[in-house]
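The values are calculated or read from the model by the stated rules, or taken from the named source; none is laboratory data. Predicted, not measured: the structure shown is a model, and the values here were computed from it. Every residue, glycine among them, receives a Cβ derived from its backbone with ideal geometry; neighbour counts consider all protein chains shown.
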Protein chains: 2
Amino acid sequence: MIVPAEEARNLATQVLRLHGTPETHAEIQADLLLEAELRGYASHGLLRLPRIVERIRNGVADPSAVGLSQWVHPGFLRVDGQRGLGPVIALRGLDEISERARQIGIAVAAVDNSNHIGMLAWYAERIAAAGQIALCFSTSEALVHPWGGRRAMIGTNPIAIGVPARPHPFVMDMATSLVAMGKIYDHANRAQAIPSHWALDRHGKPTTDPEAAKAGAIAPFGDAKGYALGLAFELLVSALAGSALGQSVQGTLDSTKVCNKGDVFIVISPDIETETADELSRYLNAVRNCPPIDGFSAVTVPGDRSRASRVERLTAGISLPDEVWGELLELAGAQHQKRDQGTLQ
Amino acid sequence: MIVPAEEARNLATQVLRLHGTPETHAEIQADLLLEAELRGYASHGLLRLPRIVERIRNGVADPSAVGLSQWVHPGFLRVDGQRGLGPVIALRGLDEISERARQIGIAVAAVDNSNHIGMLAWYAERIAAAGQIALCFSTSEALVHPWGGRRAMIGTNPIAIGVPARPHPFVMDMATSLVAMGKIYDHANRAQAIPSHWALDRHGKPTTDPEAAKAGAIAPFGDAKGYALGLAFELLVSALAGSALGQSVQGTLDSTKVCNKGDVFIVISPDIETETADELSRYLNAVRNCPPIDGFSAVTVPGDRSRASRVERLTAGISLPDEVWGELLELAGAQHQKRDQGTLQ
């Protein structure tokens, strides 16, 4: 079904508020999920909300927590997320290091004990739009096999990079897995086969059966190089945030375990001169104007497609599976009902 | 031919000294090239030396330059390389930010007007071995086509990441191109066809002819994701270092143009506790022990193979094409001769 963006935003905020989330925190979390929907990343969108609510109910996410941050060095912020909502904790740390970077040129935030932070582009864009450079990393449960290995031992470990440009900042955001686990679930739901190079089954054999892949491991993107990157991010984040590694990571997919992955943000204030920003933008336009090869209608720059999607969906509305919308309505309604019952007693 | 490592190091140092390079600078440059040979990266090894000498002769590389560095912020070091030798300039900046990172947690160096810095692993390993985390970036002449595009518009833009571990630091170093241009030259020299997905010819058509590929463009690794990374690094480096972009970059392959690419180093001092370093190392060993899939004898961690190669070649010697060794002997001899003639006059 098609839902106007503002209606979806309001429902998401309401669901969160009904489950004990302070208004500003509910707005931040809802905005992150809605922005993912607008940009066409349904896997990071509203379908995540029921899981967040379950985690709040189960006490492994504390919607009121604001995180405890400490400057262990003038340029190094350590953040204990206190089991708070991912974007609430991350945004606070990010804004702190953004301000510090303006003073000293660069700063890093290492976050642990926080929940899933969703689409990294949301953070990178915020910084790049403010004229700074952002590098964002996050780890996840082990879903990816090492290059040449049979078992899932590495997170889907995304990276996002934001660089100021005009009229829009440059933002790239990608997982180091070949595909998202959400895509494999999607194929399973529709009983569609997956290409044999996407994943291994739990015995470490290539499979075209999405159900078998769900119990197995996803391939890294780009063979040995993507594996090297994903592994490097796993180590980098854990070394800085003190977060768990590989198969010890939990709480990013389930609804009962304390989340022990880590997030790392680096913000650099380059004092970009007008001239430089213009050059970056001219170069990006030159790349867009590169003649396409056969089979491509145009060359795009990372972020172009999600920006176009956002513009379109802001007016046309977002497309949601009926079940997702139904579940959100139920989460709002059931809670209403409970409250009514509570009032009646 | 097989040459003992020390003999190769001495000859390289001698060649550089005979062409006006101060002893400490000659040792740094020779060490970088020799380490590439020892680790099995011939494309970044001694075959680069004749080009470096030509650049010195042509005045586009100044072997005496030490670079002019300036802390524009407490955590941001800007380095004007003064046309110096790449590793001489880079090492100086790297050591400055390493020390600063110990004080304030993180620091960045942005280098321009410097020559080719070679294998990035050399820098990342130095920092990781000292207990810090390194992120290294460098740009190059445009050799890679955008995903879906016909023309070379992006450098091979490598990244290296170093993280402390035991007994060896973790070091990964990779270009964002699918293959090195050196590999295509190698196929051309041996008149061997290349796989059709490696490169496009100058008309933007896939080619199996390495000669046609030399005039065309290499594919990014990992399709759209590798393209996004390479492009992000191109922008990141240029935004920070003020270096040239895309097809404007020159001086990394030729011997006559001032080099206008950029290099960026980020060093983070995480105060890694013994416990954390042990956990990183245990995790890396668990990855190495992951059962291999059919066709693989073992899972390796980035750096394992080059470390094994180094150990072997330190005793067995390095393998060099006759022409490369001959050219180095000539560069040493011809200069000797010139000097003798000079003395006789």
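Which members of the stretch A:147-159 meet the condition of being facing chain B (nearest Cβ under 9 Å) and among the hydrophobic types (A, V, I, L, M, F, W, C)? Let's see the steps before the verdict.
Looking only at the stretch A:147-159, we keep the residues that are facing chain B (nearest Cβ under 9 Å), and these are A:147-151, A:153-154, A:159.
Of everything in the stretch A:147-159, those that are facing chain B (nearest Cβ under 9 Å) and among the hydrophobic types (A, V, I, L, M, F, W, C) turn out to be A:W147, A:M153, A:I154, A:I159.
Can you confirm whether the stretch B:179-195 contains a residue that is over 30 Å from B:Q82 (Cβ atoms), touching a His at 6+ places or on another chain (Cβ under 9 Å) and small (G, A, S)?
yes
Here are some residues: B:A193, B:A212. Which one is more than 24 Å from A:L236 (Cα to Cα), free of Cβ contacts under 8 Å to residues at least 40 places away in the same chain, touching a strand residue (DSSP E or B) at 6+ places or on another chain (Cβ under 9 Å) and surrounded by fewer than 23 Cβ atoms within 10 Å (Cβ to Cβ)? Before you say what the answer is, go through the steps one by one.
Details: B:A193 fails: touching a strand residue (DSSP E or B) at 6+ places or on another chain (Cβ under 9 Å).
So the residue among B:A193, B:A212 that is more than 24 Å from A:L236 (Cα to Cα), free of Cβ contacts under 8 Å to residues at least 40 places away in the same chain, touching a strand residue (DSSP E or B) at 6+ places or on another chain (Cβ under 9 Å) and surrounded by fewer than 23 Cβ atoms within 10 Å (Cβ to Cβ) is B:A212.
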- Query: If you scan the stretch B:91-119, which residues turn out to be among the aliphatic types (A, V, I, L, M), over 14 Å from B:S243 (Cβ atoms) and under 19 Å from the mean Cα position of the chain (by Cα)?
  - Reply: B:L91, B:L94, B:V108, B:M119
- Task: Give just the number: which of (1) more than 27 Å from A:G295 (Cα to Cα); (2) more than 9 Å from chain A (Cβ to nearest Cβ); (3) touching a helix residue (DSSP H, G or I) at 6+ places or on another chain (Cβ under 7 Å) does B:S238 not satisfy?
- Result: (2)
- Query: Is it the case that B:G131 is at pLDDT 95 or above, farther than 17 Å from B:G93 by Cα and either in contact with a Pro (Cβ under 9 Å, 6 or more places away or on another chain) or surrounded by 22 or more Cβ atoms within 10 Å (Cβ to Cβ) (or both)?
  - Reply: no
- Message: Given (1) in contact (Cβ under 8 Å) with a residue 12 or more places away in the chain; (2) not assigned by TED's automatic domain parsing to the domain that holds A:S140, identify the lone condition not met by A:I268.
- Response: (2)
- Can you name the number of the only condition in (1) assigned to a helix (DSSP H, G or I); (2) of a type outside the set (S, T, N, Q); (3) in contact (Cβ under 8 Å) with a residue 12 or more places away in the chain that A:E99 fails? (3)
- Task: Would you check which residues across the stretch B:53-90 are crowded, with 24+ Cβ neighbours inside 10 Å, within 18 Å of the chain's Cα centre (by Cα) and not in a strand (DSSP E or B) and list them?
- Result: B:R55, B:A61, B:L85, B:G86, B:P87, B:V88, B:I89, B:A90
- within 30 Å of A:A128 (Cα to Cα) and within 12 Å of chain B (Cβ to nearest Cβ): does that describe A:K183? no
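Per-residue answers, yes or no, for (1) closer than 24 Å to A:G40 by Cα; (2) modelled with pLDDT of 95 or more; (3) within 26 Å of the chain's Cα centre (by Cα):
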| residue | (1), (2), (3) |
| --- | --- |
| A:I266 | no, yes, yes |
| A:A298 | yes, yes, no |
| A:R307 | yes, yes, yes |
| A:A316 | yes, yes, yes |
- Task: Filter the stretch B:15-26 down to the residues that are assigned to a helix (DSSP H, G or I) and surrounded by 17 or more Cβ atoms within 10 Å (Cβ to Cβ), then identify the one that is farthest from the chain's Cα centre (by Cα).
- Result: B:L18
- Inside the stretch A:146-167, can you point out the residues that are farther than 28 Å from B:A286 by Cβ and touching a Gly at 6+ places or on another chain (Cβ under 7 Å)? A:P164
- Within the stretch A:245-255, is there a residue that is facing chain B (nearest Cβ under 9 Å) and either polar (S, T, N, Q) or surrounded by fewer than 22 Cβ atoms within 10 Å (Cβ to Cβ) (or both)? yes
- In the stretch B:278-316, how many are at the interface with another protein chain (Cβ under 8 Å from one of its Cβ atoms) and part of a helix (DSSP H, G or I)? 6
- Query: So which residues in the stretch A:207-244 are more than 22 Å from B:A175 (Cα to Cα), in a helix (DSSP H, G or I) and of a type in the set (D, E)?
  - Reply: A:E211
- Looking only at the stretch B:63-98, count how many residues are in contact with a Leu (Cβ under 8 Å, 6 or more places away or on another chain) and farther than 20 Å from B:L135 by Cβ. 5
- Residue in the stretch B:182-202 that is under 28 Å from A:L245 (Cα atoms) and aliphatic (A, V, I, L, M) present: no
- Query: Restricted to the stretch A:193-219, and to residues that are of a type in the set (G, A, S) and within 13 Å of chain B (Cβ to nearest Cβ), which residue is nearest to B:P292 (Cα to Cα)?
  - Reply: A:G204
- Query: Which residues, taken from the stretch A:169-189, are assigned to a strand (DSSP E or B) and β-branched (V, I, T)?
  - Reply: A:V171
